[in-house]
1. Which of the following residues is β-branched (Val, Ile, Thr) and either assigned to a helix (DSSP H, G or I) or open to solvent by 40 Å² or more (accessible area, probe 1.4 Å) (or both): 326, 281?
2. Considering segment 167-222 alone, what residues qualify as being within 15 Å of the ligand (Cβ to nearest atom) and acidic (Asp, Glu)?
3. Given the residues 220, 228, which is the only one that is closer than 19 Å to residue 95 by Cα and among the polar types (S, T, N, Q)?
4. If you take the residues in segment 40-57 that are more than 16 Å from the ligand (Cβ to nearest atom) and loosely packed, with under 14 Cβ neighbours inside 10 Å, which one is farthest from residue 281 (Cα to Cα)?
5. Does residue 138 satisfy the criteria of being over 30 Å from residue 242 (Cβ atoms), open to solvent by 10 Å² or more (accessible area, probe 1.4 Å) and either out of contact with any Gly (no Cβ under 9 Å at 6 or more places or on another chain) or in a helix (DSSP H, G or I) (or both)?
6. What's the number of the only condition in (1) open to solvent by 50 Å² or more (accessible area, probe 1.4 Å); (2) at pLDDT 95 or above; (3) closer than 23 Å to residue 270 by Cβ that residue 103 fails to meet?
7. Which ones in segment 264-278 are at negative phi and either touching a His at 6+ places or on another chain (Cβ under 8 Å) or not in a helix (DSSP H, G or I) (or both)?
8. Show the residue pairs that are 6+ apart or on different chains and have beta-carbon atoms under 6 Å apart, the first residue being within segment 187-205 and under 18 Å from residue 147 (Cβ atoms) and of a type in the set (Phe, Trp, Tyr), the second being open to solvent by 70 Å² or more (accessible area, probe 1.4 Å) and within 16 Å of the ligand (Cβ to nearest atom).
Amino acid sequence: MFSRWLLIITLLVPVSACAQTSKDVDINAILASAHSLYKMDKTGANADYIPALAEVDSELFGIALVTTDGKVYSYGDVEQRFSIQSISKVFTLALALEQQGADTVAEKVGVNASGMPFNSIIAIELNQARSINPLVNAGAMATMSLLDGNETTKWQRVASWYNEFANAKLPVLDAVYQSETETNDRNLAIAQLLKAHQRFYGDVAMNLDLYTRQCSIGVTAKDLAIMTAPLANNGKHPITNKQLMSEDNVEHLLAVMSTAGLYETSGDWAYKVGLPAKSGVGGGIIAVAPGQFSIAVFSPRLDSAGNSVRAQKAIDYIAEKLGANVF
Ligand code: GLU
């Protein structure tokens, strides 16, 4: 009798443990085909103006997707840690919107796309209103300067905010942080110039250092997809169920991502892919399909604007397959 039950249980358990809807199967298959389609693409090159980034294995390629009902799908090198770089700008802007309010961010930093490279100095000089986008270096450093707190409390707030989104404790990658700190002259010049225009709201050295630290936070593709999931779900985290942001501020954030998430090629991206997104020179790109899913792809080789080549192609393919274009 016992062995008959054992046999029935043995037969049933694997079936129920692996039970998948046809949608599950489709998403897994779509991620796998995106990976196999683009894994041989060797176009582009690692960022090297931060020396530590040049040393990252260029072949790494990971894709992760989280649905608004909290399911996590992934394929490839999704446990590999890399530096978040400019993708951090999304989460610090999210904190500034919540902490300072949407009007203050628009007035004191600015929200218009510059249409210029991420480390542009001309963008500041040409813009009479000194409206500097929070998703490029100038605006991101100004956004950091706008946050409340001294060096310690501000960093604690930023780190815990990121951890809430990731539902994990994220480390700072010390080698990347040191490497960028040693080669940070251009960012220092940008922050100093903003200060001269009264568009920087605190100590330059301290806020530059906090900004550099935030860019050196280590994430995996899976962490990034989980961090981005609340932005696809009206600010509520689909895994922890915590409401992290107001719906209004999610709208503001997605608007800025749509117009400025991929540096000076943001318009091309919107035209082609149609998803709010943000890239970083570490090789990651996140994108949001509102009400449907978040996606993060990591592969270090970048195009001339600083966007991961494989990540752009993979997201384009997956968004098309899932019919996610917001326009
Ligand atoms: N930490 C990098 C910098 O400030 C971020 C650049 C990026 O990912 O766009 O140059």
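1. Answer to the selection: 326.
2. 174, 180, 182, 185, 209
3. 228
4. Here is the first cut: in segment 40-57, the ones more than 16 Å from the ligand (Cβ to nearest atom) are 40-43, 57.
Next, only the ones that are loosely packed, with under 14 Cβ neighbours inside 10 Å stay: 40, 42-43, 57.
Values: 40: 20, 42: 16, 43: 15, 57: 14 Å.
Ranking the candidates gives 40 first.
5. Answer is no for this residue.
6. Just one mismatch for residue 103, condition (3).
7. Within segment 264-278, 273, 275, 276, 277, 278 meet the criteria.
8. From segment 187-205, no pairs qualify.
The values are calculated or read from the model by the stated rules, or taken from the named source; none is laboratory data. Because the structure is predicted, anything quoted here is derived from the model rather than measured. With ideal geometry, Cβ positions are generated from the backbone for all residues, glycine too; neighbour counts draw on all protein chains shown. Calculation scope for accessible area: heavy atoms of the full protein, side chains included, ligands and nucleic acids excluded. Shrake-Rupley method; radii C 1.70, N 1.55, O 1.52, S 1.80 Å.
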